[in-house]
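In what follows, a structure is listed as structure tokens, so that the remarks can point back to it.
The values are calculated or read from the model by the stated rules, or taken from the named source; none is laboratory data. Note that the structure is predicted; figures quoted are calculated from it, not measured. We place every Cβ from the backbone using ideal geometry, glycine too, and count neighbours over all the protein chains shown. The area values use the complete protein model at the heavy-atom level, side chains included, leaving out ligands, DNA and RNA. Shrake-Rupley method; radii C 1.70, N 1.55, O 1.52, S 1.80 Å.
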Amino acid sequence: MYTVLIADDEQNIREGLKYIIDWAALGFCICGEASNGEDTLRLILDKKPNLVLLDIRMPKIYGTDIIRTAREKGYDGKFIILSGYSDFAYAQTAVRYNAGFYLTKPIDEDELAEAVEKIARDLTAEQNESENIALLKTKARNVILQEIITGTYDVSHISLLSPGQIEEMKLSAKIYQAVIYENYDALRPEGSQGFAELLKITNKNNLSFEYLEEDGGNVILLKGQFALGKFQDFLNGCRQEPFRQAAASPSFFLSYGHPVTSLEEVCLSYREALTLRNRKFFCRQGQLTLGYDELPGHMNCLPPDHTVLTQYCGKLTDYLLSFNRGMVAETLFELESLLSHTGDISSVRLFLTDLYLNIKEKINLTYPMADIPFPSNGAAVSHIGKCSYLYEIIRYISEMAEMIINATGNPSRATVLDDIVYYINHNYQNNLKLESIAPLFGYNSAYLGKIFNKHFGESFNSYVDHKRIEQSQELLKEKNMKVYEIAEAVGYKNVDYFHKKFKKYVGLSPAEYRKKYEIE
């Protein structure tokens with residue numbers, strides 16, 4: 001329904017205009033009436049009716065002045081001028097302001113109906129044209145946005161866009177950042193709504209970020225400091241201990257590139273995010289995000305060669321034959337780090353498959369009479385092929401190593417705990433988790449936690465924290481590192497969390513400890 005405002009200083013004429021024609025049948029509803037020029041102008045600007053029936057001679061403000069002022073203030077609706085024969089000169093002035101129709105009093109019913117029908121057709125045509133233009137603009141904008149993000153848009157064209165055009169496309173910002181978002185939670189909405197829920201923002205009118213689908217993923221372009229700040233707050237929350245512990249079954253994954261300060265550079269941020277998404281295979285257990293600061297400094301695109309395979313096969317076989325769990329775990333950790341700098345994931349799978357099969361062959365040759373419950377070669381190859389992450393394959397090989405030691409040696413609980421402590425003391429700076437380490441030594445994490453606590457009188461996490469804090473104290477004494485650098489060096493990615501732990505175990509903040517040591 002279109003809306004119509006009736007403005008005439010005579011009440012009987014206003015009443016007559018309400019019922020002289022069937023407004024509803026013509027697609028209109030009456031939204032108000034006015035008896036003087038001031039009220040008419042106010043209602044026009046407030047209600048923005050599609051059509052105004054306006055008497056040319058109105059008290060307080062003349063009809064021509066109402067039309068002129070309304071047009072100046074942006075009103076683009078239709079007018080039908082009502083006047084007596086003596087007001088024709090005024091009516092001509094009104095028509096110059098695109099008033100539309102001019103009808104003389106007394107109003108002829110058929111003439112009014114014909115004018116309203118024509119205006120209804122014009123309004124419908126304008127509305128359709130406006131919707132088509134809006135649709136074309138949206139399509140054009142989406143194409144431009146996609147090309148900006150992927151880097152296929154001519155950068156010289158971006159520089160030719162005026163600030164007003166960029167503002168109209170809602171792409172104007174002082175800072176941008178590309179994010180690729182994958183949602184595994186069936187309860188969370190898909191696409192942009194799911195990402196907005198994750199960051200706890202509304203993104204009304206796309207003010208905070210843009211969304212599109214590209215390269216089989218949900219691509220987010222963050223715009224402005226507010227959006228990037230909310231994203232950074234979210235990332236900080238992901239690094240907190242309780243959040244990481246709850247991420248055993250990840251419900252989402254994010255990769256993100258560097259923040260950039262121009263539309264021309266957005267594609268660089270996106271390419272980093274895409275590179276990182278394609279390296280999700282190398283994530284640690286429970287890792288939900290991969291950011292530009294985790295891009296490898298160098299990537300070896302060539303797969304590990306036969307020499308590397310022979311080297312690690314020999315080392316691992318020797319440690320297995322000597323029942324040295326600690327060095328088996330250390331070597332697998334070293335191998336995982338080496339492979340994480342390889343660009344070709346399929347070559348990594350093939351390398352680890354060959355490594356396992358070679359170790360199995362050497363062990364069988366060494367212990368031909370031992371009853372080692374190896375899975376068939378086909379089952380092992382299939383299992384490695386189905387693993388989504390590198391750490392899952394390393395864990396599988398570790399489980400096979402523990403099975404070999406159990407079948408060929410006589411391991412004791414004390415020996416295992418000594419090996420675990422050795423491993424902690426040499427790897428405290430890494431992301432040590434009981435659930436990740438337990439399989440390396442052939443134990444269920446819950447059971448290993450219990451025997452660890454019973455043997456050492458403290459939990460695994462507490463032992464790791466003690467080791468980290470002990471090392472941080474030594475680094476604080478050397479005075480050549482900043483506190484946040486020390487926090488990272490001993491395994492705390494979040495400096496606030498490091499402060500909290502340090503004060504808990506030492507009773508002083510890191511700065512207070514350093515100052516006290518200087519005085520002493």
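Laid out as a table, the results:
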{"item": "Cβ-Cβ under 6 Å pairs, at least 6 apart or on other chains, region 389-416 side part of a helix (DSSP H, G or I), far side open to solvent by 40 Å² or more (accessible area, probe 1.4 Å) and modelled with pLDDT of 90 or more", "result": "I394/E336"}
{"item": "Residue match in region 482-497 (condition: open to solvent by less than 50 Å² (accessible area, probe 1.4 Å), assigned to a helix (DSSP H, G or I) and in contact (Cβ under 8 Å) with a residue 60 or more places away in the chain)", "result": "yes"}
{"item": "Region 120-175, residues that are at pLDDT below 70, under 13 Å from E265 (Cα atoms) and small (G, A, S)", "result": "S156, S159"}
{"item": "Selected residue (criterion: modelled with the highest pLDDT) from residues of region 197-214 that are open to solvent by less than 80 Å² (accessible area, probe 1.4 Å) and more than 13 Å from the chain's Cα centre (by Cα)", "result": "E214"}
{"item": "Set E478, E458, E435, E520: member being among the acidic types (D, E), open to solvent by 30 Å² or more (accessible area, probe 1.4 Å) and modelled with pLDDT of 90 or more", "result": "E458"}
{"item": "Any hit, region 241-251, residues being touching a residue at least 60 places away in the same chain (Cβ under 8 Å) and under 16 Å from I149 (Cα atoms)", "result": "no"}
{"item": "Of all residues making up region 170-196, the number that are outside any strand (DSSP E or B) and either more than 10 Å from the chain's Cα centre (by Cα) or among the hydroxyl-bearing types (S, T, Y) (or both)", "result": "15"}
{"item": "Test result for S376, open to solvent by less than 50 Å² (accessible area, probe 1.4 Å) and of a type outside the set (V, I, T)", "result": "no"}
{"item": "Looking only at region 215-263, and only at residues there that are basic (K, R) and under 23 Å from K493 (Cα atoms), the one that is modelled with the lowest pLDDT", "result": "R244"}
{"item": "Residues satisfying the stated conditions in region 487-513, i.e. over 25 Å from L290 (Cβ atoms) and of a type outside the set (K, R)", "result": "H499, F502, Y505, V506, G507, L508, S509, P510, A511, E512, Y513"}
{"item": "Extreme residue, nearest to Y2 (Cα to Cα), among residues of region 44-78 that are aliphatic (A, V, I, L, M) and open to solvent by 20 Å² or more (accessible area, probe 1.4 Å)", "result": "L45"}
{"item": "Residue match in region 419-438 (condition: in contact with a Gly (Cβ under 8 Å, 6 or more places away or on another chain), among the acidic types (D, E), touching a residue at least 12 places away in the same chain (Cβ under 8 Å) and on the phi < 0 side of the Ramachandran plot)", "result": "yes"}
{"item": "Which numbered condition Y356 fails, given (1) open to solvent by 40 Å² or more (accessible area, probe 1.4 Å); (2) under 41 Å from the mean Cα position of the chain (by Cα); (3) farther than 29 Å from E470 by Cβ", "result": "(1)"}
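Yes or no, residue by residue, for (1) surrounded by 17 or more Cβ atoms within 10 Å (Cβ to Cβ); (2) of a type in the set (F, W, Y); (3) at pLDDT 85 or above:
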| residue | (1), (2), (3) |
| --- | --- |
| C283 | yes, no, yes |
| Y292 | yes, yes, yes |
| C313 | yes, no, yes |
| D318 | no, no, no |
| L332 | yes, no, yes |
